[in-house]
């Protein structure tokens, strides 16, 4: 379940009292609800599901994860 | 950083596969809890690359599949109403109820519209004040905030022609049901990444401890899935358990607290029927009484409808990891995506559908 | 609105001549129909066939032509205009490309219109203008036609059926049943552009992306295949149902397997992004200006170059191969080296949330 796609916030605005934004996915744009990801700014990435941002993407964690995977073979098993 | 491509990188995936092969010595059964994971697994053919000892089974992680038959029947009844615009996520249209499906209602003149988000359904309600607009609010914890915000907005803005047919389900009670079954074969779980983006990972810790079962919170790209499998096998092979987060770029320990607060305002836990499985105690969410005016079951007086599933299909056993699609006599014969007999063939998310599509 | 006068005395008022929107009377077969044809349709189409003004066009065929190809296609689309095309361009290109798949040289089209009462005539003219331009580009003549009008609410503005006739050369007769094990599969460009352009233009799902329909007549591609005429086994345009559906048809007709290499299949990043967002499989999304070309392996590079030299073939790529198999199947080799089955589109393309 739960098709989610990371996208970049290009615009943030208020719509009838809730925070909405335009999120870009590799050239495709769609409005998304940002009402529960309060600490985001333009340029941040969010994970969007059914037009709703579930969370801000954590770039540091992503880099760290990739680094850990890339080193994984060196871990003695 | 490319949040998708970097996690589809085939070199990285191959390295992880190599690691999985080198640590796997015994036979293990791992269940993934998310239809999206089933799909990715099949789409990228990852199961072909895993060690033979690892058996991946597909849990009840597809909200389209597990939506109870009586809710589909209720949806169909409501949608037949001439004054109703019935809105839904796309793949619910195909799901058969007892005698019909939403496609057929549309063909017979029902006004049924596919929406991308619940807020789009609310917008349709604002644009059509003389019509009743109903949204089919299916989904797990991931989808609950997206569905829920439309109800909060409707209340705040005083939009009275909008209601939601609520069919929210929760993952942890289903996991517990599977683990507590005397026939359980599942030894480790890949928890659903985006569910945990909302809910965090803490509620899985007691489950892991109670049943001594390793749980890895797992994403959807090949590298994510392999990382989740690697973490789970590592724990299984060392006879340990716990909850590992293999999807930390979009899952934090506490999850999305703002979203959880919103869900708490809107919903309260309730028993819910899962298609193919039956009633799971406290496995669903229903609207709290303050929001009852937005409950389509109340508004259209369909709360009492009961339906009975046909007994031809083994979807329930598949959803609990006891059987695989190919074990079903009807698979690919009487039961195909064009003519689904049961829940798991219905949705493109379902295990049977994914097997049919990618592997035959 | 000319001709309407509020004259003094006992003279009858002249009726409106209804120049702005389609009325039921335009389909009556009477004076209004004749006026519509004369004033609107013949403004854009003036082939000899139409100028004859008979019920059937009388067309001459050269002595050296012994076979013709005939095909028909009905066109419905919402919205009528979208980035990269409109229903008129689709109606011409769809039929022209179907003729081309038979190796035929497209010559003539019929055009039958079902118009909805109330369709602005300016909109009709815009569509006719587009058909005229597309027909010129595709070097076909519209030689006969028909117009009917349905009551408002019983149509979607305009439906267009076109039937095409083309000449077939003796040495160039590709067919879906001719794919042979060992053959290479070439695709003339990116997939999914038409389907995703129309989806975005409909606006229902609120997605904006810079995607244009690929609707185009592929005459030049097929013309540039002439030097290889005898060796071209299959030509087929993957329209509705997309690449996957069309290749399954070919696999069935030829009783072979077809294996595609995922990373070689051209797709724009925008089309890919929309598919990712909605959970669509790009292999089942529609194209309106693409050709699948199946040829023996040994000439694939030369054929590829010929296609890439052609208008609308610049992004052509070799995407797979034909292999012997006991039952027809289309397989995709993923970037990880694994395989999965590509199925035809089962029904309506629906966005997934899950």
Defining a contact as two alpha carbons under 8 Å apart and six or more residues distant in sequence, what relative contact order in percent does chain C show? 20
Kindly identify the protein assembly as shown as rounded, prolate or oblate by the Cα gyration tensor criterion: order the square roots of the eigenvalues as a ≥ b ≥ c, call it rounded if a/c is under 1.5, otherwise compare a/b with b/c, prolate if a/b is larger, else oblate. oblate
Can you tell which of C:250, C:61, C:258 shows the greatest fluctuation in a Gaussian network model of chain C with Cα springs below 10 Å? C:61
Residue exposure sequence - B:298, C:117 - by fewest surrounding Cβ within 10 Å: B:298, C:117
What ranking, highest mean first, results for peptides B:42-48, B:333-339, B:302-308 when packing means the other Cβ atoms within 10 Å averaged over each residue? B:42-48, B:333-339, B:302-308
Take the alpha-carbon centre of segment C:330-354, take the same for segment B:111-189, and report the distance between them in whole Å. 27
What's the average, rounded to a whole number, of partner chain beta-carbon atoms within 10 Å of each residue's beta-carbon in A:41-53? 6
Distance (nanometres) between label positions extended 7 Å along Cα→Cβ at residue C:202 and residue C:180: 4.3
Rounded to 5, the percent of DSSP beta bridges in the protein assembly as shown classed as antiparallel: 60
Residues of segment C:227-262 with backbone nitrogen within less than 15 Å of a virtual label 7 Å along the Cα-to-Cβ line of residue C:297, please, listed as ranges. C:257-261
Mean per-residue count of partner chain Cβ within 10 Å for A:5-11 equals 3
For B:204, B:358, ascending order of other Cβ atoms within 10 Å (fewest first) is B:358, B:204
If I build a Gaussian network model for chain C, linking alpha-carbon pairs within less than 10 angstrom, which residue out of C:265, C:299, C:87 has the largest mean-square fluctuation? C:299
Estimated FRET transfer efficiency when R0 is 60 angstrom, pair residue A:67-residue B:338 (beta carbons, to 0.05): 0.85
If each part is reduced to its alpha-carbon centroid, segment C:172-213 and segment A:11-55 end up apart, in Å, by 31
For A:11, C:132, B:82, order by how many other beta-carbon atoms lie within 10 Å, fewest first: B:82, A:11, C:132
Full extension between residue B:181 and residue B:10 adds, at 0.36 nm per residue less the Cα distance, a length in nm of 57.8 nm
Among rounded, prolate and oblate, which fits segment B:1-87 when a ≥ b ≥ c are the square roots of the eigenvalues of its C-alpha gyration tensor, a/c under 1.5 means rounded, and a/b larger than b/c means prolate? oblate
Inter-chain shielding of A:59-68 (mean C-beta neighbours from other protein chains, 10 Å cut-off): 5
Expressed as a whole number of Å, what is the distance separating the alpha-carbon centroids of segment C:112-132 and segment B:206-231? 59
Determine the shape class of chain B: with a ≥ b ≥ c the square roots of the Cα gyration tensor eigenvalues, call it rounded for a/c under 1.5, and otherwise prolate if a/b is greater than b/c, oblate otherwise. prolate
Mean residue ellipticity (222 nm) of chain C, computed from DSSP H runs ≥ 4 via -39,500 (n - 2.57), nearest 500: -7500 deg cm²/dmol
Helical mean residue ellipticity (222 nm; -39500 (n - 2.57) per DSSP H run of 4+; nearest 500) of chain B: -11000 deg cm²/dmol
Kindly rank B:32-38, B:143-149 from highest to lowest mean number of other beta carbons found within 10 Å of each residue. B:32-38, B:143-149
Calculate the spin-label point distance for residue A:15 paired with residue B:271, positioning each point 7 Å from the Cα along the beta-carbon direction, and give it in nanometres. 4.0
Under 16 Å from a point 7 Å along the Cα-to-Cβ line of residue B:29: which residues of segment B:39-73 have their amide N that close? B:53-60
Name the residue, out of B:214, B:206, B:173, whose mean-square fluctuation peaks in a Gaussian network model built on chain B with Cα pairs under 10 Å. B:206
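Read-outs: derived from the displayed coordinates by stated rules, not from any lab. Treat the numbers as computed from the prediction; the structure is a model and nothing was measured. Here Cβ is always computed from backbone atoms with ideal geometry, including for glycine, and neighbour counts include all displayed protein chains.
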